[in-house]
Each structure stands twice: as structure tokens, then as C-alpha cells.
Amino acid sequence: MKKPALLWLNISIFSMTFLVSVIGAPLYLALNGLSTSLVVALLALFVWSGMSITGGYHRLWSHRTYDTHPVVRVIYALGGALSLQNSALHWASDHREHHKHVDHIDKDPYSISRGFWFAHMGWMLREYQAHRYNDYSNVADLQKDPIVMWQHKHYLALTLLMNIGVPLLIGVLTGQVWGALLFAGFVRIFLGHHTTFFINSLAHTWGKRPYTERNTARDNGVLAFLTFGEGYHNFHHIFAGDYRNGIRWYQFDPTKWLIASLAWFGLARNLKRTNKYLIEKARLEMMWLRAQEKRASFSDVLEHEYKVLIDSLRELNSRRRAWIAAKSDAINDMAQVKELKAQYKSLKRNFRQEKRQFRRQLMSAA
């Protein structure tokens, strides 16, 4: 079967950001060091672009979990262009297909079923779903949003403005043009890309599944820290209509806190939350399922130990009979009788230990 054509633009972007980050950044650090202003610029743009993906592209436009003021949507649209992850319209279209066909090897755009590398970024290196590049029928609602369509129409210009123009401006203001282009530009894009891509790859392979096992999505607190709260992916895949990913007070989900803060200031409304009883029902169902699996596994262990115990009992009886027979037979010498007796006594001790262990297992099962 012929492989889809390579997407050389994507390959070039990913290769360039990687090489500049791993070669150019260390060289710059060795020659110039890293100023506080560059660190602040990198972090500020990283947060802006990352939160625009999580709060805007993902929870606002892909899942419609809340509504927000046009000014906030413009900030998200600019931050989305800054993230260099395609337009909100295209991103949301891909993501809705992912949820609709999660783990399906052909229909899920970044299915983990095709391997870690494919889910992480391999799906963007070839025209695997070329027929969908101009098919946005699954985001017809977003085509009614003038800000989404404005960003989609002018995406290239906005991308150049945000990823070259903004770092250049920072460089001019700080007197560190090359440093700003390197760290606020290339390094920040590289970090933003791969932390986002972790959700498609790591969040489908590493972590726990407390709410559902109907898909590969996992909850992972480490990934949540790296991705502004997106790491609670098992919850998200079963309750995608909730504006939160981390529902516990202690779970790190700054995107949830951002949305709640916007609502407090009157800039967001209609925040959607899953009924807490449905959440607890899902958790209880998973607890019951695991208890049943543990019980079944435990039953297999008990059955095996029971069979071993019965075999030991038969062997013990056989050795006892041999010992008694040898003892009653005057032809056999006493050395052989003593040897058979010793074997019997040893087996008897082992049998008693096995029996005690079996009883403890039964008590644990009860």
C-alpha cells in the first residue's frame, strides 16, 4: 500500500524548531548567558500560547464548554496563531474527530492504536487524512463565529506576526534581538508543540483510568502540570462537555481557574459542569469492575493453590504408605526405613505450611 505524501512544510517547521532549540540555544547560552528579560518573555509567550490552546481551541471551540466575551476570543485567536498549531477551525475539526473515533486505527486522526510516534506527531508528517483538509462540516457551528473565521482566513499572516513580529519587538525593546528570536520564538514553539503533543501520546499510554476503560485516555498529574491542566485525560474523554479537566480542588488545572476567573469578572458565562452524581457513578463502576477483576484473579490463585494442596496431600499419603510398608517388611534394612520416614516428615511439614497459607488466602478473599 502506497504511503500518503509527505507534508514538507510541517516536517521543515518541526525540524527547524528542534535543531535551533537543541543546538542554537546551548550555543547562545554559552556565549551570552540568559537574561531575566528573555526568561520572562519565553514564559509569558509560552503561557499565552498554551492557555489559548487549552482554554480557547480546546475547551471553548472544540467542546463548547462555556461562552466568552469577543475580546477574550480575539486573545485566544492570537495566542493560537502564536502556538503554531493551525487555525482554531482546523484544530477543532481534528479534535472532534478524535473524540468521535477515539483509538480507531483509521478514523481517529491521531490514534494511539497506530503507535506512540504516530499519535505524538507522525500523523502531521503525511497526508493521512487529506480528504479532511477542506472538509469542516463537523465544525459548522464554528463557521458562524466571525473571530474563528477571521483567524482561519488570515492564519498565515497572523502566524508570521505573532511568531516573528512579537519576538522581534521584544528583542528591540530588550536590546537582545537574536536572543528573543531564539528563546521567545524557536525554543518556546518547540516546548509548546511537544507539551501539547504529549496529550495525544503520553496521555493515552501513561497514567490511571479512574472513570472509564472504554478508551486509552489516562489521568496523569505530571502531564497536567506540563499542559495547563490537560493531563486529566481519562475524565475528559468521558465528560468532554465539562469545562474542567481536574475536578478535585487539589488537581492542577490552571485552565479551569482561568475560565472560572473570567466568569467571575463577567467575561465568561454558561460554564458547563457534569452532574457530580454521574461522575461518582463512573468512579464506582470502575471500582466495582476492578474489584470483580481482582476477585476473578484471586479465585484463579486460590484454585491453583487448592490443586497444589491436594497434590501435596496425595504425595504425603503415598510416602506414608511407602514408609509403613518398608517398616513392616523385615527384608528392608533400617537405613531405608529411616530415609522414607525422613521424607515423609519433611513432606508433612511442607503440607502444613501450604495449608496455613491456603487458609490465610481464604480469609483474605472473605
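The values are calculated or read from the model by the stated rules, or taken from the named source; none is laboratory data. Remember, it's a predicted structure, so these values are computed and weren't measured experimentally. As a convention, Cβ positions derive from the backbone with ideal geometry for all residues, glycine included, and neighbour counts pool all protein chains shown.
In the list Ile147, Ile75, which residue meets the criterion of being touching a Gly at 6+ places or on another chain (Cβ under 9 Å), modelled with pLDDT of 95 or more and among the aliphatic types (A, V, I, L, M)? That would be Ile75, the only listed residue that is touching a Gly at 6+ places or on another chain (Cβ under 9 Å), modelled with pLDDT of 95 or more and among the aliphatic types (A, V, I, L, M).
When only residues in the range 261-281 that are in contact with a strand residue (DSSP E or B) (Cβ under 8 Å, 6 or more places away or on another chain) and not basic (Lys, Arg) count, which is surrounded by the most Cβ atoms within 10 Å (Cβ to Cβ)? Don't jump to the end; show me each part of the working.
Step one: of the range 261-281, the residues in contact with a strand residue (DSSP E or B) (Cβ under 8 Å, 6 or more places away or on another chain) are 262-263, 267-270.
Subset that is not basic (Lys, Arg): 262-263, 267-268, 270.
Numbers: Leu262: 18, Ala263: 17, Leu267: 15, Ala268: 21, Asn270: 11.
Among those that are in contact with a strand residue (DSSP E or B) (Cβ under 8 Å, 6 or more places away or on another chain) and not basic (Lys, Arg), it is Ala268.
Flag set for Ala240, criterion: surrounded by fewer than 21 Cβ atoms within 10 Å (Cβ to Cβ), assigned by TED's automatic domain parsing to the domain that holds Ser15 and either under 10 Å from the mean Cα position of the chain (by Cα) or not in a helix (DSSP H, G or I) (or both). Considering only residues in the range 133-144 that are assigned to a loop (DSSP other than H, G, I, E, B) and modelled with pLDDT under 95, the one that is surrounded by the most Cβ atoms within 10 Å (Cβ to Cβ) turns out to be Tyr136. Does Ser93 satisfy the criteria of being of a type in the set (S, T, N, Q), over 21 Å from the mean Cα position of the chain (by Cα), over 19 Å from Leu191 (Cβ atoms) and buried (at least 19 other Cβ atoms within 10 Å of the Cβ)? In short, no. Per the conditions (1) touching a residue at least 60 places away in the same chain (Cβ under 8 Å); (2) more than 16 Å from Ala88 (Cβ to Cβ), the sole criterion not satisfied by His131 is (1).
Restricted to the range 101-118, and to residues there that are of a type in the set (D, E, K, R) and more than 17 Å from the chain's Cα centre (by Cα), the residue that is surrounded by the most Cβ atoms within 10 Å (Cβ to Cβ) is Lys107. Do we have any residue at all in the range 36-44 that's farther than 30 Å from Asn215 by Cα, crowded, with 22+ Cβ neighbours inside 10 Å, touching a residue at least 24 places away in the same chain (Cβ under 8 Å) and out of contact with any Phe, Trp or Tyr (no Cβ under 6 Å at 6 or more places or on another chain)? Scanning the range 36-44 turns up at least one residue that is farther than 30 Å from Asn215 by Cα, crowded, with 22+ Cβ neighbours inside 10 Å, touching a residue at least 24 places away in the same chain (Cβ under 8 Å) and out of contact with any Phe, Trp or Tyr (no Cβ under 6 Å at 6 or more places or on another chain). What number of residues within the range 78-119 are within 23 Å of Ile238 (Cβ to Cβ) and either part of a helix (DSSP H, G or I) or not assigned by TED's automatic domain parsing to the domain that holds Asp145 (or both)? Residues that pass the stated criteria total 15.
Among the residues of the range 214-234, write down those that are among the β-branched types (Val, Ile, Thr) and touching a residue at least 12 places away in the same chain (Cβ under 8 Å). Talk me through it step by step, then tell me what you get.
Within the range 214-234, the first condition is being among the β-branched types (Val, Ile, Thr), and the residues that meet it are 216, 222, 227.
Residues satisfying the conditions are Thr216, Thr227.
Which numbered condition in (1) surrounded by 15 or more Cβ atoms within 10 Å (Cβ to Cβ); (2) over 28 Å from the mean Cα position of the chain (by Cα); (3) under 23 Å from Ile23 (Cα atoms) is the only one that Trp178 fails? Against the list (1) surrounded by 15 or more Cβ atoms within 10 Å (Cβ to Cβ); (2) over 28 Å from the mean Cα position of the chain (by Cα); (3) under 23 Å from Ile23 (Cα atoms), Trp178 comes up short only on (1).
Residues in the range 16-35 that are surrounded by 13 or more Cβ atoms within 10 Å (Cβ to Cβ) and either assigned to a helix (DSSP H, G or I) or not assigned by TED's automatic domain parsing to the domain that holds Leu191 (or both): Met16, Thr17, Phe18, Val20, Ser21, Gly24, Ala25, Tyr28, Leu29, Asn32.
Can you tell me which residue in the range 189-210 is surrounded by the most Cβ atoms within 10 Å (Cβ to Cβ), limited to those that are of a type outside the set (D, E, K, R) and in contact with a strand residue (DSSP E or B) (Cβ under 7 Å, 6 or more places away or on another chain)? Among those that are of a type outside the set (D, E, K, R) and in contact with a strand residue (DSSP E or B) (Cβ under 7 Å, 6 or more places away or on another chain), it is Gly207. Whether any residue in the range 222-230 is polar (S, T, N, Q), buried (at least 20 other Cβ atoms within 10 Å of the Cβ) and at pLDDT 95 or above is what I want to check. So far as the range 222-230 goes, yes, one or more of its residues are polar (S, T, N, Q), buried (at least 20 other Cβ atoms within 10 Å of the Cβ) and at pLDDT 95 or above.
Among the residues making up the range 65-77, those that are surrounded by fewer than 19 Cβ atoms within 10 Å (Cβ to Cβ) and in a helix (DSSP H, G or I) are Pro70, Val71, Val74, Ile75.
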